[in-house]
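*Asks:* The structure is given below, and queries will be raised subsequently.
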C-alpha cells in the first residue's frame, strides 16, 4: 500500500546523496499523503545505497507505525510536528549539509543578498532560538519541531521553505518530498554564496524589498512568468 | 532553419552544466546570426539534460519569436539589449556561478590581481549600479540590460567580456556562444582567486598597467603571440 | 595467517583514497588483533592503488616484524604507542586531510559548535602540545604517540576518537580499522564546518553541555536510541 | 628521436589536467635530456586532450627548435632560464592552480606551517620580486626566469622545488617532468592548508627549525628513512 508515496520518499532520500548533501546516514526525507493521513519516512541509520521503497516506514500523524519492519528516523517527531502545523507542505527534509550547517552553528540567519536567494526564499532564512535545557532533556526531537513552528509564527512556510535549527542544521520542506530536497540543495548553494558575499564585503546588507518582490513573485504565485506555462 | 546557430547555442547551454556553473536551470546562453538578424536562446526553465537544438527558441532583435514552441528564457530582454548595443558580440551567457555571484552580491568589482585575470579581461571586472525601484518594477529584464550598457559607456565589450550585475550575478559574452561560456568559466576561476588573494593579503592592490598590457596584449589584438599561428 | 585482519586493514587504507582524505601516500591505517597481539599496518610510501592484503606488514606490540617483505609505515611507532595505551581501540588512522590539518597547523582545538560534532565527539577535539626539540630529535614517531597519550590523561579515547597533533595533522581511531577511517572522514567534515562557523560568527562559542550530552548519548552507550536495534 | 623524453613530457602535461591544476591550456610542463642538451615542451595553446608525444616541441638550450611543427609554449624562455641556472633539475612545470596563485597574487611567501609542507619544501615557499616595467616590456618570459633565479641566490632548487612569481602564479620543478608535476600538486595542497591555518589562527607562525629538519630530512638526503629501501 501507498506504493507511490514510498517510491517518492525513497527517491528523495537517495537524491540527498546524489547532490552531496549527506555522508553516511546524515539526513532524512519524509512525505505525506494528506488524504490518507499517512507519512513515509527513511528508516534510522540505514545507508542511502541500501534504501528501497519497501524499507520506508509508514506512520500515522501521531507517529504510530502502520507498516515497516525498521525503526523510523530518530528525527521523526520533528517531521510530524511540521506536518501537523504546516498544513500546505507535502515533504520534509533534514540534512547536515556543510554550508547551511555553518550558519546554523553560528546561530545566524542567512540574509537575502541576491536574486538567487530571492528566487526561492521570500526573505532571510530564519534561525530558531537556541533550545533551553528543558526542551533538550525530554522530547528533544518533538521540541525541535516546536521551536521551528514557534519561529514561523509570522512566516508562511511555503514562502520560506527552510529553517536553520540553532547549533544543529537545516530543515527544509516543499509541496512534495522531491521539492523538500530541491530546497535543501538551493539552501546549501545560497548559504555558500552568502558566506562569500560577506568575505568580499563584510558590511553588505540584504537586497531591497522591491528586488525581493520582483524575483520571488516572478517565479511564485499568480503572476509568475518564469518557466513554461 | 538556422540549424548551425541552434546547435551552437544548444551545445553552449549544455556546457554550463559540464563546467558546473549551474544547477537546475540557473543559467542560459544565446547566440546571434548578425547577417540574418536572428537570435537563438535557451527555453525558460528547461533542464540542461533535456536540451536539443530544436528546443532552442529563435527570435528577431525585437524579441519576436520566429520559431520554437517553448517560451524563451525570462532573461531574453537582457540578452537582446546587449546584442543591440554591443555590435561585435556573437554570444551571451548568464549564470549564477558561485564565486562570481559572491562578488556581484557584494556589489564589488573584481580587481585585476594577476596575470590569469589579465589574460582575459583588460582591467577590473565591473559591477553595475544597484537598480532603482522604477527599473525593477517594470521591464526589469530589459532594464537589467540597460544598466549593463550604461556601465560600459567607457568600456570596450570585447576587451571586457564580463560584468557583475549588482545583487544578482554575472553576464558574460564573446564572439560566439561558446566564447561567452569560456568567459563565464574563466570569470568563475578569477573570482575565486581574487577572493583568496584578499584572504591572504587584505590590502593587496591590482597589478600595474604595464603587466596588464603585457598579458592582455600577448593574447589579444594584432601583436598577440600566444598559441599557434 | 591473520588474513581477516590484513584484509580489513587493506580495505581501510584504500578507503582513505575513496573518501579523498589523502593524495600520494599521505596516510596510513592499522588494525590490531588483541587476542593474538598482532598489528597489521600499511607499508611505507606505497600508493593506495597498489595495496593488496598480502602487502600489509604484521608486527607484534613491540614493533617486531612478524610477516611481510616491505617496511612498515614510518608512523608505526605512533600507532604502537596508541595501541599500548588505549586498550579499547582496534584501529588507528593517520592522514593529512585538508581541514583537520588546518586546525592542527593552527595549534587550536576544534570547539564543539553543533550536533554533527556532538554525534561523534564528546567535547572539543583536542590538540597536543607542540613537541619540544628533544622529543623531535630522537624517537620522533614514538614521541608523537606519547604527546597524544599525555593529552588524553583526562579523556576517554572511545568518547574522543580523534586528536590533532600540533603542527602536523590528525590521528583518529575506533574499535576497528574501518571505524578509525569513519572518524577521519567525520573529523574532516567537522573541521570544515567549524571553520565556516567562525567565518560567519567569529565569537561563536561551543554548544551547551546539555545538548552535547543529548546528542552524544543518543548515539552512544546504554541509552542510545539512534539506528536499528 | 628522443621518444622517451617526449613521452614523459606529454604524460606530465596530461597529468596537470588529471590533478585539476589547469583548465583550458593554462599550464605547461617541460623536460630535459642533459646529456643530449635537448628540451621537450608542450606546444602553445593546445588542449591537454589533444596532446600526443609527437606534438611536443624539441629545443636546444638556446631555444632553437630542433623538432616539431607547432610553436612551443610562450613560457619557453622561462623554462630555459631555469634549466640553465638550476643544473640539477630535469623537469619544469607552470600552472595557474587556484590556491598557489592566490598566494602569488597576494605577493606573499607561504610559511611552513606544518609537516605536510616540511615533507617537500625545506622552508617557506618563496615569492619573487614584483617585476619592474623594464623587465615586463621586453623579454618578459626570459625576465620571469631571471627574477626566479635571482630569488634563489641563497636557496638550493632541489630543496625548494617551487616558487611563486609575484602577481602571476607558481613554477615548480623536480628531477623529472613527473617530479615537477608532483611538486605542483603538493604546492596546491600546501597553499590551501596554509590559507586555512591563517583563517583559524591569523597570528600563527611557522614551525621550528628542528621540526622542519626532522621532516624534510626524514624523506630527503642520505639519512632518509621514509618509504621502501
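*Asks:* Only residues that are more than 14 Å from the chain's Cα centre (by Cα) and surrounded by 24 or more Cβ atoms within 10 Å (Cβ to Cβ): list them for segment D:117-133, please.
*Replies:* Passing the criteria: D:117, D:118.
*Asks:* Another question, if that's okay. Can you find, within segment B:199-217, the residue that is surrounded by the most Cβ atoms within 10 Å (Cβ to Cβ) among those that are touching a residue at least 60 places away in the same chain (Cβ under 8 Å) and more than 7 Å from chain D (Cβ to nearest Cβ)?
*Replies:* Only one residue tops the list, namely B:215.
*Asks:* Sticking with this one: Being over 19 Å from residue B:69 (Cβ atoms) and within 14 Å of chain A (Cβ to nearest Cβ) is the filter here, so list the residues in segment B:25-48 that pass it.
*Replies:* B:26, B:27
*Asks:* Let me ask something additional. Scan segment A:12-24 for residues that are out of contact with any strand residue (DSSP E or B) (no Cβ under 9 Å at 6 or more places or on another chain) and either within 14 Å of chain C (Cβ to nearest Cβ) or closer than 22 Å to residue A:88 by Cβ (or both) and jot them down.
*Replies:* A:20, A:23, A:24
*Asks:* A further question on this structure: Give the number of residues within segment D:196-229 that are under 14 Å from residue D:116 (Cα atoms) and part of a helix (DSSP H, G or I).
*Replies:* Within segment D:196-229, residues that are under 14 Å from residue D:116 (Cα atoms) and part of a helix (DSSP H, G or I) number 11.
*Asks:* May I pose another question? Within the bounds of segment A:151-161, is there any residue that is buried (at least 24 other Cβ atoms within 10 Å of the Cβ) and in contact with a strand residue (DSSP E or B) (Cβ under 7 Å, 6 or more places away or on another chain)?
*Replies:* Yes, segment A:151-161 contains a residue that is buried (at least 24 other Cβ atoms within 10 Å of the Cβ) and in contact with a strand residue (DSSP E or B) (Cβ under 7 Å, 6 or more places away or on another chain).
*Asks:* Residue check, residue C:176 against (1) surrounded by fewer than 22 Cβ atoms within 10 Å (Cβ to Cβ); (2) within 12 Å of chain A (Cβ to nearest Cβ), all met but one. Which one?
*Replies:* (2)
*Asks:* While we're here: Just one of B:166, B:194, B:184 is over 30 Å from residue D:72 (Cα atoms), out of contact with any helix residue (DSSP H, G or I) (no Cβ under 6 Å at 6 or more places or on another chain) and in contact (Cβ under 8 Å) with a residue 24 or more places away in the chain; which is it?
*Replies:* When all the criteria are applied, what remains is B:166.
*Asks:* Taking segment B:151-163 on its own, how many of its residues are closer than 19 Å to residue B:77 by Cα and not in a helix (DSSP H, G or I)? Even if it seems obvious, please write down each step before you answer.
*Replies:* We begin by selecting, within segment B:151-163, every residue closer than 19 Å to residue B:77 by Cα; these are B:151-152, B:157, B:161-163.
Those left that are additionally not in a helix (DSSP H, G or I): B:152, B:157, B:161-163.
Residues that pass the stated criteria total 5.
*Asks:* Report whether or not residue C:52 is within 14 Å of chain D (Cβ to nearest Cβ) and more than 30 Å from residue A:131 (Cα to Cα).
*Replies:* When the stated conditions are applied, residue C:52 does not pass them.
*Asks:* Let me ask another. Considering segment B:220-229 alone, what residues qualify as being out of contact with any helix residue (DSSP H, G or I) (no Cβ under 9 Å at 6 or more places or on another chain) and either buried (at least 16 other Cβ atoms within 10 Å of the Cβ) or more than 10 Å from chain D (Cβ to nearest Cβ) (or both)? So that I can check it myself, show each step before the final result.
*Replies:* Step one: list which residues in segment B:220-229 are out of contact with any helix residue (DSSP H, G or I) (no Cβ under 9 Å at 6 or more places or on another chain), which gives B:220-222, B:228-229.
Listed by number, the residues that qualify are B:220, B:221, B:222.
*Asks:* Being buried (at least 24 other Cβ atoms within 10 Å of the Cβ) and at pLDDT 95 or above narrows it down to one of D:143, D:85, D:167, so name that one.
*Replies:* D:167
The values are calculated or read from the model by the stated rules, or taken from the named source; none is laboratory data. In this text the structure is predicted, and so the values were computed from the model without any measurement. With ideal geometry, Cβ positions are generated from the backbone for all residues, glycine too; neighbour counts draw on all protein chains shown.
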